[in-house]
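Scroll down for the structure; my scribbles are underneath it.
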Amino acid sequence: FLSDNGGAHNNQSNNGKLKGFKGNEYEAGHRVPLFMSWPKKIREGKTYNGLSSSLDILPTVLEAAAVQNSNTIATDGVSWLPYVLGNAQGQPHQALIWRKDAAAAIRMNNYKLIRVNGIGYRLYDLQNDISESNDLQASNAVMLQRMQTALLDWEKSKVKPLWQEGNVWDTITLMIHDDLMHNRKVRVRNPEELANYLQHTNNNLSKTPHAYKGE
């Protein structure tokens, strides 16, 4: 069992110390619990903290069922079985990457880099700053460069996004990320709140949403 995303802002979800909510690149947007049960194979109460993704479920199930992949269809994930059964050390992934519209993030070990086009980057140490409050770009230029390069290399290997949410939601998502990146209270979370914000601020973003470059 797992959730497909973090808690949303419009229900009773409680993301605890995690920053953000469903739909953004902060930890509350995509860090979720996962439970596995296989009484004959997996010891009860065992915890695994390695980097993993929902994309790993298919190859894990295939290996558990002893189904051989014909290699005619490539899978993006990696089987968890060697790790949860104790037959392999380390973790399935050296990095995890997320991308949606103008926002992207990469996780490498305990470091996480968030990039939002038109706004910039934020670098966090999740081991010591799970709430993603302290930007480390200025103090860790080596890790910043390494993660920027890894993210760009990954993007070069993929097709350009074929789906967009539309101008209104693009603006909302940009504003949410801008507020979170600056440790501010989120101003708008949905089209109704955006309309009210624009009315009270006399802002013309509704006509030119892609012109939003942060405030």
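Taking the residues in the range 143-198 that are in a helix (DSSP H, G or I) and hydroxyl-bearing (Ser, Thr, Tyr) as candidates, determine which candidate is surrounded by the most Cβ atoms within 10 Å (Cβ to Cβ).
Among those residues, the one meeting the criterion is Thr171.
Taking Asp170 and the conditions (1) in contact with a His (Cβ under 8 Å, 6 or more places away or on another chain); (2) among the acidic types (Asp, Glu); (3) at pLDDT 95 or above, which numbered condition does it fall short on, given that it satisfies the others?
Unmet for Asp170, out of (1) in contact with a His (Cβ under 8 Å, 6 or more places away or on another chain); (2) among the acidic types (Asp, Glu); (3) at pLDDT 95 or above: (3).
In the range 124-146, how many residues are without any contact (Cβ under 8 Å) to a residue 60 or more places away in the chain, under 17 Å from Leu51 (Cβ atoms) and not aromatic (Phe, Trp, Tyr)?
Of the residues in that region, 4 qualify.
Counting only residues that are within 19 Å of Met36 (Cβ to Cβ) and either over 21 Å from the mean Cα position of the chain (by Cα) or at pLDDT below 90 (or both), how many does the range 93-107 have?
0
Name the residues in the range 88-103 that are surrounded by 20 or more Cβ atoms within 10 Å (Cβ to Cβ) and over 26 Å from Lys40 (Cα atoms), would you?
Once the filter is applied, which keeps residues that are surrounded by 20 or more Cβ atoms within 10 Å (Cβ to Cβ) and over 26 Å from Lys40 (Cα atoms), the range 88-103 yields only Ala103.
For Ala64, which of the numbered conditions (1) small (Gly, Ala, Ser); (2) at pLDDT 95 or above; (3) surrounded by 11 or more Cβ atoms within 10 Å (Cβ to Cβ) fails to hold?
Only one criterion is unmet by Ala64, namely (2).
For the range 24-34, which positions are farther than 21 Å from Ile119 by Cα and either hydroxyl-bearing (Ser, Thr, Tyr) or part of a loop (DSSP other than H, G, I, E, B) (or both)?
Arg31, Val32, Pro33
Among the residues of the range 16-23, is there at least one that is modelled with pLDDT of 90 or more, in contact with a strand residue (DSSP E or B) (Cβ under 6 Å, 6 or more places away or on another chain) and under 23 Å from Ile106 (Cβ atoms)?
Looking through the range 16-23, none of the residues is modelled with pLDDT of 90 or more, in contact with a strand residue (DSSP E or B) (Cβ under 6 Å, 6 or more places away or on another chain) and under 23 Å from Ile106 (Cβ atoms).
Okay, residues lined up against (1) in contact (Cβ under 8 Å) with a residue 12 or more places away in the chain; (2) buried (at least 16 other Cβ atoms within 10 Å of the Cβ); (3) not in a helix (DSSP H, G or I):
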| position | (1), (2), (3) |
| --- | --- |
| Gly6 | yes, yes, yes |
| Lys22 | yes, yes, yes |
| Met36 | yes, yes, yes |
| Pro39 | no, no, yes |
| Gly45 | no, no, yes |
| Leu55 | yes, no, no |
| Gly77 | yes, yes, yes |
| Gly86 | no, no, yes |
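I'd like the full set of residues that are under 21 Å from Lys17 (Cβ atoms) and touching a residue at least 40 places away in the same chain (Cβ under 8 Å), limited to the range 113-123.
Hits for the range 113-123 are Ile114, Arg122.
The values are calculated or read from the model by the stated rules, or taken from the named source; none is laboratory data. This one's a predicted model, so the numbers in the text were calculated from it and none came from an experiment. Positions of Cβ are backbone-derived with ideal geometry, glycine not excepted, and every protein chain shown enters the neighbour counts.
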